[in-house]
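What follows is a single structure, written as structure tokens, with notes after it.
The values are calculated or read from the model by the stated rules, or taken from the named source; none is laboratory data. Being a predicted model, the structure only gives us computed values, none of them experimental. In this analysis, Cβ positions are derived from the backbone assuming ideal geometry, glycine residues included, and neighbour counts consider all displayed protein chains. Keep in mind that these areas ignore ligands, DNA and RNA; they rest on the heavy atoms of the full protein, side chains included. Shrake-Rupley method; radii C 1.70, N 1.55, O 1.52, S 1.80 Å.
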Amino acid sequence: MTKEQAQPLLDYIANHIDLTHDEVEKLLSYITYRKYLKGQYLVQQGDTCRNSCFVLSGCTKTFIVDEKGQEHIVMFAIEDWWTSDLGSYITQTPADYNVQCLEDTEILQFSYETDEEMYKEIPKLERLFRKILEKAFVASQKRIIKSFSLTAKEQYVLFKKQYPKIEKRIPQYMVASYLGITKEFLSKIKRQIISE
């Protein structure tokens, strides 16, 4: 793992904590670079999630498939975002979610097996990952509240505002799935917005 390959991650980390040169070198020894093709899975429902992933390039979706075969998207991840089945990763139990690449995707992986060792070597990283988890939890809670309190149209407008880079990269039926509506209803909402 070269420093150049990991630079986006190092820049991300530098926004939260300062690492010394030696700490950066140690960190690089714990990271694995992986390239996935469009359609490949980082983790599948039922498998145990062994890695936490930082997206260097590309786009992923996190979703479940219900008993009727219906897909429900709960998250997208693009450059400088984290992705995995966090519950499975933390508890090392079977994953509830699938994480699939929507584009050819490059990631940096942190392995569950070496996390504790890495935190002992670089204690500052434990604080960083606690902050990441806190942010993820807050975002999840806010999303739940919005799904109860906002109309589908308001949720779509908010999605466009919060994630303008994502909407341009994914099919509209996936946006609809994320919002919990049909693609036909999303088309109707978009027509309403255009005519306003």
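What the table shows:
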read-out: Residue pairs meeting the criteria (Cβ under 8 Å; at least 6 apart or on separate chains; first under 13 Å from Cys49 (Cα atoms) and free of Cβ contacts under 8 Å to residues at least 60 places away in the same chain, in region 95-106; second of a type in the set (A, V, I, L, M, F, W, C) and surrounded by fewer than 21 Cβ atoms within 10 Å (Cβ to Cβ)); value: Asp96/Ile64; Tyr97/Phe63; Tyr97/Ile64; Tyr97/Val74; Asn98/Phe63; Asn98/Ile64; Asn98/Val65
read-out: Cβ pairs under 9 Å, 6+ apart, first in region 135-159 and touching a residue at least 12 places away in the same chain (Cβ under 8 Å) and part of a helix (DSSP H, G or I), second of a type in the set (Lys, Arg) and open to solvent by less than 70 Å² (accessible area, probe 1.4 Å); value: Gln155/Lys146; Tyr156/Lys190; Leu158/Lys146
read-out: Residue, nearest to Ile107 (Cα to Cα), within region 16-25, restricted to residues that are assigned to a helix (DSSP H, G or I) and of a type outside the set (A, V, I, L, M, F, W, C); value: Glu25
read-out: Residues (open to solvent by 60 Å² or more (accessible area, probe 1.4 Å) and outside any loop (DSSP other than H, G, I, E, B)) located in region 31-60; value: Thr32, Tyr33, Arg34, Lys35, Tyr41
read-out: Output for region 73-102, where each listed residue is open to solvent by 50 Å² or more (accessible area, probe 1.4 Å) and in a loop (DSSP other than H, G, I, E, B); value: Glu79, Asp80, Trp81, Thr93, Asp96, Tyr97
read-out: Selection from region 60-113 of residues that are of a type in the set (A, V, I, L, M, F, W, C) and under 9 Å from the mean Cα position of the chain (by Cα); value: Met75, Phe76, Ala77, Ile78, Trp81, Trp82, Val99
read-out: Cross-chain or 6+ apart pairs with Cβ under 8 Å, region 76-88 first and of a type in the set (Val, Ile, Thr), then open to solvent by 20 Å² or more (accessible area, probe 1.4 Å); value: Ile78/Lys165; Ile78/Arg169; Thr83/Leu42; Thr83/Met75
read-out: Residue that is nearest to the chain's Cα centre (by Cα) [pool: residues in region 173-196 that are touching a residue at least 24 places away in the same chain (Cβ under 8 Å) and outside any helix (DSSP H, G or I)]; value: Gly180
read-out: Qualifying residue in region 148-160 (condition: under 28 Å from Leu37 (Cβ atoms), surrounded by 15 or more Cβ atoms within 10 Å (Cβ to Cβ) and among the polar types (S, T, N, Q)); value: no
read-out: Verdict on Lys124 being charged (D, E, K, R), touching a residue at least 40 places away in the same chain (Cβ under 8 Å), more than 30 Å from Tyr112 (Cβ to Cβ) and open to solvent by less than 80 Å² (accessible area, probe 1.4 Å); value: no
read-out: Sole exception among (1) assigned to a loop (DSSP other than H, G, I, E, B); (2) open to solvent by 60 Å² or more (accessible area, probe 1.4 Å) for Ile170, by number; value: (2)
read-out: Residue among Leu9, Leu28 that alone is free of Cβ contacts under 8 Å to residues at least 40 places away in the same chain, closer than 24 Å to Arg130 by Cα, open to solvent by less than 50 Å² (accessible area, probe 1.4 Å) and not in a strand (DSSP E or B); value: Leu28
